[in-house]
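I have placed the structure first, in the form of structure tokens, so that the comments after it can refer back to it.
The values are calculated or read from the model by the stated rules, or taken from the named source; none is laboratory data. This is a predicted model, so every value here is computed, not measured. Here Cβ is always computed from backbone atoms with ideal geometry, including for glycine, and neighbour counts include all displayed protein chains.
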Amino acid sequence: MLILQTENEILTTQFDMRVLLVEDEPDLGAAIKRTLNQHMYLVDWVMDGTEAWAYLENSSAQYTVAILDWMVPGFTGLELCKKIRLKGNSLPVLMLTARDRMEDKIAGLDAGADDYLVKPFGMGELLARLRALQRRSPQFQPRQLAVGNLSLDYSRSAVVNQNASGEKQVISLTNKEFQLLEYFMKHPNQIVTTEQIRNQLWEVNAETGSNVVAAQIRLLRRKLTNSGCTNPIETLHGLGYRLNSTDESK
């Protein structure tokens with residue numbers, strides 16, 4: 001159960017999605033790691049398949065997704081994927097490779113890969129595919145996510161607000177509003193930019209400008225305010241937005 005409440009918990013859960021990246025091209029590996037870090041992923045990057053397997057066998061490492069390059073020293077990405085599945089591990093796997101023949105794609109998918117990304121690729125597409133993998137992997141969704149007086153109800157795509165008298169009010173949200181609030185609640189008291197929100201909530205080729213993000217935030221803020229929340233989402237001009245973890249009315 002994931003509950004984000006205190007400053008210490010906020011610091012330890014800033015990066016709440018952990019990725020195992022197996023890529024032996026230094027420039028590409030560094031670029032992927034840098035991009036994922038910017039989008040709140042914690043990345044363990046290794047350049048050898050044998051070392052990657054040691055990471056996977058370490059019970060303390062709980063990964064959200066594995067990004068495996070097909071051709072790496074030691075165990076190849078394909079061999080790693082097969083070993084993961086033989087262990088009964090359902091970890092989502094994204095395969096990276098320069099092989100673009102249909103036979104190769106079939107081999108990767110048959111080995112247990114969940115998705116397949118052909119080099120060269122854009123970082124936007126990589127991020128979109130990771131989000132898609134996470135959406136298809138409900139085991140990585142928290143049972144409960146709470147910040148201040150707000151808690152997400154995953155079963156109803158709603159948020160519950162508890163007022164000063166202890167009464168709870170259920171606020172119905174659209175799918176996009178739910179995703180937006182979830183993103184804010186996973187990063188409470190942190191400034192998130194319009195670009196980060198757009199990259200997280202919309203697909204790569206979607207036509208979304210800053211006004212679309214701002215409009216979506218206004219709609220969400222209105223619903224929260226109408227339920228008694230006092231300025232839960234703050235606009236920081238020139239910087240972005242921030243979800244405050246405490247209700248200023250208290």
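Ala54: surrounded by fewer than 15 Cβ atoms within 10 Å (Cβ to Cβ), in contact (Cβ under 8 Å) with a residue 40 or more places away in the chain and part of a helix (DSSP H, G or I), yes or no? Even if it seems obvious, please write down each step before you answer.
On the way: surrounded by fewer than 15 Cβ atoms within 10 Å (Cβ to Cβ): yes; in contact (Cβ under 8 Å) with a residue 40 or more places away in the chain: no; part of a helix (DSSP H, G or I): yes.
It is false that Ala54 is surrounded by fewer than 15 Cβ atoms within 10 Å (Cβ to Cβ), in contact (Cβ under 8 Å) with a residue 40 or more places away in the chain and part of a helix (DSSP H, G or I).
Just give me the residues in the range 38-51 being in a helix (DSSP H, G or I), within 26 Å of Arg135 (Cβ to Cβ) and at pLDDT 90 or above, in sequence order. Quick ask: steps written out before the conclusion?
Kept after step one, since they are in a helix (DSSP H, G or I), are these residues of the range 38-51: 38, 49-51.
Add one more test, that the residue is within 26 Å of Arg135 (Cβ to Cβ), and what stays is 38.
Result: no residue meets the conditions.
Do any residues in the range 93-108 that are in contact (Cβ under 8 Å) with a residue 60 or more places away in the chain have Cβ atoms under 8 Å from those of residues that are hydrophobic (A, V, I, L, M, F, W, C), where the two are at least six apart or on different chains, and which pairs are they?
Filtered contacts from the range 93-108: Leu96/Ile67; Leu96/Leu68; Leu96/Trp70; Leu96/Leu117; Leu96/Phe121.
Could you go through the range 64-83 and let me know if any residue there is loosely packed, with under 14 Cβ neighbours inside 10 Å, outside any strand (DSSP E or B) and acidic (Asp, Glu).
No, that holds for no residue.
In the range 224-236, what residues are assigned to a helix (DSSP H, G or I) and more than 16 Å from Tyr183 (Cβ to Cβ)?
Once the filter is applied, which keeps residues that are assigned to a helix (DSSP H, G or I) and more than 16 Å from Tyr183 (Cβ to Cβ), the range 224-236 yields Thr225, Asn226.
Condition (residue is surrounded by fewer than 20 Cβ atoms within 10 Å (Cβ to Cβ), under 20 Å from His39 (Cβ atoms) and touching a helix residue (DSSP H, G or I) at 6+ places or on another chain (Cβ under 7 Å)) applied to the range 85-93: is it met by at least one residue?
No, there is no match, as no residue in the range 85-93 is surrounded by fewer than 20 Cβ atoms within 10 Å (Cβ to Cβ), under 20 Å from His39 (Cβ atoms) and touching a helix residue (DSSP H, G or I) at 6+ places or on another chain (Cβ under 7 Å).
With the requirement that a residue be charged (D, E, K, R), part of a loop (DSSP other than H, G, I, E, B) and under 25 Å from the mean Cα position of the chain (by Cα), what does the range 88-118 give you? I'd like the intermediate steps shown before the answer.
Step one: of the range 88-118, the residues charged (D, E, K, R) are 99-101, 103-105, 110, 114-115.
Cutting the leftovers down to part of a loop (DSSP other than H, G, I, E, B) gives us 99-101, 114.
Across the range 88-118, the qualifying residue is only Asp114.
I need every pair where a residue in the range 215-235 that is at positive phi and in contact (Cβ under 8 Å) with a residue 12 or more places away in the chain has its Cβ under 9 Å from the Cβ of a residue that is crowded, with 17+ Cβ neighbours inside 10 Å and not in a helix (DSSP H, G or I), sequence separation at least 6 or different chains.
Listed by first residue and then by second, the contacts come to Gly228/Asn149; Gly228/Asn161; Gly228/Asp247; Asn231/Asn244; Asn231/Asp247.
When both residues are 6+ apart or on different chains and their Cβ atoms are under 7 Å apart, which pairs have a first residue that lies in the range 69-85 and is within 18 Å of Glu103 (Cβ to Cβ), and a second that is assigned to a helix (DSSP H, G or I) and of a type in the set (A, V, I, L, M, F, W, C)?
Trp70/Leu78; Leu78/Ala107
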